[in-house]
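Novice: Mind having a look at this structure? Questions to follow.
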Amino acid sequence: MIKTLDFTLLFIYCLLIYWLSDQPILPVPSLFFQQDKILHAGAYFIMGVLAWRSFNHLLNRPIILALLSVIFCSLYGISDEWHQSFVEGRFSDIADWSADTSGSGLAVFLLNRLRWQQVSV
């Protein structure tokens, strides 16, 4: 049951990101320079958590789990940037993809660290 829920949440979240990327304009106030990089990192931090939880049901090796989770998010991020290149009013940016990958990498790093601390206690 939890496994199905985790994969369903990841799928729905990927659909949400796709839908947001398909919008010509997002109504987000610009508060500071490069704010969108923080938003990208935050969004993919959440995706990293969801991917880690989903793939955790399939894998026992922490390093493989971490790599698969970050690679999944990074590939989704680059496909999202490619998708945005076809949406009027949006553009593709390698710095956004870097923020996506960094956000998911941070999430996975923290989850693996937390898991390691729980095992060693």
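The values are calculated or read from the model by the stated rules, or taken from the named source; none is laboratory data. The structure displayed is predicted, hence computed values, not measured ones. Quick reminder, even Gly has a Cβ in these numbers, built from the backbone with ideal geometry, and neighbours come from all protein chains shown. Accessible surface is based on the protein model in full, side chains and every heavy atom, while ligands, DNA and RNA are left aside. Shrake-Rupley method; radii C 1.70, N 1.55, O 1.52, S 1.80 Å.
Novice: Is it fair to say Asn60 is in a helix (DSSP H, G or I), closer than 23 Å to Lys3 by Cβ and among the polar types (S, T, N, Q)?
Specialist: Numbers: in a helix (DSSP H, G or I): no; closer than 23 Å to Lys3 by Cβ: yes; among the polar types (S, T, N, Q): yes.
No.
Novice: Restricting to the range 29-57, name every residue that is open to solvent by less than 80 Å² (accessible area, probe 1.4 Å) and either touching a His at 6+ places or on another chain (Cβ under 6 Å) or part of a loop (DSSP other than H, G, I, E, B) (or both).
Specialist: Listed by number, the residues that qualify are Gln34, His57.
Novice: Could you tell me whether any residue of the range 81-98 is more than 17 Å from Tyr18 (Cα to Cα) and open to solvent by less than 80 Å² (accessible area, probe 1.4 Å)?
Specialist: The answer is yes, given that some residue of the range 81-98 is more than 17 Å from Tyr18 (Cα to Cα) and open to solvent by less than 80 Å² (accessible area, probe 1.4 Å).
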